[in-house]
Amino acid sequence: MFRVLLLLASLSMAGALHAQAWPSKPVRVIVNVAPGGVADVTMRVIGARLSETLAQPILVENRPGGDGYIGFEATLRAEHDGYTLVYAPGSTMMMAPHLIRRADLDPLKAFAPVVATGRVSLYLVVNPKLPVRNLAEFLAYAHANPGKLNYGTPGNGTSPHIATEVFAREAKVKLNHIPYKGAGPALNDLLGGQIELALDPGVGLPQVKSGKLRMLAVAGGSRHPDYPNVPTLDESGIKGVDGGPHFGLYAPAGTPSGVIERVNAEVQKAMKDPVVHERFVALAVDIAEPMTPAVFAAYVKAQSERYSKLIPELGIAQ
């Protein structure tokens, strides 16, 4: 028994020492969606702050595609030592695995939740060429033209995809889904008129302000302060549409617990930095309540269970 206790004590001390030494070299963070989306932008904002506080470069690298799995695979190929992490939208961790069932890679088992950062509100935006000026006119047009309107999302099984399908179900309209490899590419095609609408996660707000897009409604808890006359879907009688679970940092399973605790603490501090906070607010990202790694893990599990039931109800398939 004494030897067992001694071994456990030594392992705990080794983990603590490893965490104190971390980071002694640059840290790579893989973002598993395309550049230009909210996940990419928010991680780069956080990364810039962490580079200062940790005195080591935080190297942000995009690995989009495969509904998030390309980024997951790249992260898992690296050493599980805290020097390669993945920053993922909640959709790729808690939604997509219910559509893409891979025996060789279950993200919920392959990764340890580290820290939540925030989640988006979604904005129903349309190309101005669509002859509608508000939500009521849009619904009338969609009812009169079933199956003729195309909506874009960052990919199959993403938060905007699930949310738009809930919207279509609740509003009783028929829309066609066009998946992209990120919110940025979807936005580009919306601006170009290749698709007519999107539940945009905030990356299109500058284009709304400039008049290149038209905002009809907010899928969130409250109206956007810059657009007080644009109603929420909820207050318009369309219930249950939201931006999905929090974005977050994840470490490969087996990463030292001391490092995970350290990353959690450092990101929590970064989120309180005025520059980081203001950038999140400008992107209309709701900052997550502080969570320990254990609390975040419980959140991930609960959200995954929620979508395991909702996705089949919506008839969404890979």
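The values are calculated or read from the model by the stated rules, or taken from the named source; none is laboratory data. Just so we're clear, the structure is a prediction, and the values are computed from it rather than from any experiment. Reconstructed Cβ throughout: ideal geometry from the backbone, glycine too, with neighbour counts over all protein chains shown. All accessible areas refer to the heavy atoms of the entire protein, side chains included, with ligands and DNA or RNA removed. Shrake-Rupley method; radii C 1.70, N 1.55, O 1.52, S 1.80 Å.
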### Message
So, in the range 181-218, exactly how many residues are open to solvent by 40 Å² or more (accessible area, probe 1.4 Å), of a type in the set (D, E, K, R) and not in a helix (DSSP H, G or I)?
### Response
4
### Message
Can you pull out every residue in the range 238-255 that is modelled with pLDDT of 95 or more and surrounded by fewer than 20 Cβ atoms within 10 Å (Cβ to Cβ)?
### Response
253, 254
### Message
Could you tell me how many of the residues in the range 91-132 are assigned to a helix (DSSP H, G or I), of a type in the set (Gly, Ala, Ser) and over 12 Å from the mean Cα position of the chain (by Cα)?
### Response
1
### Query
Of all residues in the range 176-202 being more than 9 Å from residue 153 (Cα to Cα) and of a type in the set (D, E, K, R), which is nearest to the chain's Cα centre (by Cα)?
189
### Query
Among all residue pairs at least 6 apart or on different chains, which show Cβ distances below 6 Å where the first residue, located in the range 244-262, is over 25 Å from residue 219 (Cβ atoms) and of a type in the set (Gly, Ala, Ser) and the second is assigned to a loop (DSSP other than H, G, I, E, B) and open to solvent by less than 10 Å² (accessible area, probe 1.4 Å)?
none
### Query
If we scan the range 125-142, do we find a residue that is farther than 17 Å from residue 316 by Cβ, open to solvent by less than 10 Å² (accessible area, probe 1.4 Å), small (Gly, Ala, Ser) and without any contact (Cβ under 8 Å) to a residue 40 or more places away in the chain?
yes
### Query
Going by the structure shown, is residue 277 surrounded by fewer than 16 Cβ atoms within 10 Å (Cβ to Cβ) and at pLDDT below 95?
yes
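Quick test for you: out of 44, 101, 77, pick the one residue that is free of Cβ contacts under 8 Å to residues at least 24 places away in the same chain, open to solvent by 60 Å² or more (accessible area, probe 1.4 Å) and under 29 Å from residue 309 (Cβ atoms).
101
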### Task
State yes or no: is residue 82 in a helix (DSSP H, G or I), modelled with pLDDT of 95 or more and crowded, with 16+ Cβ neighbours inside 10 Å?
no
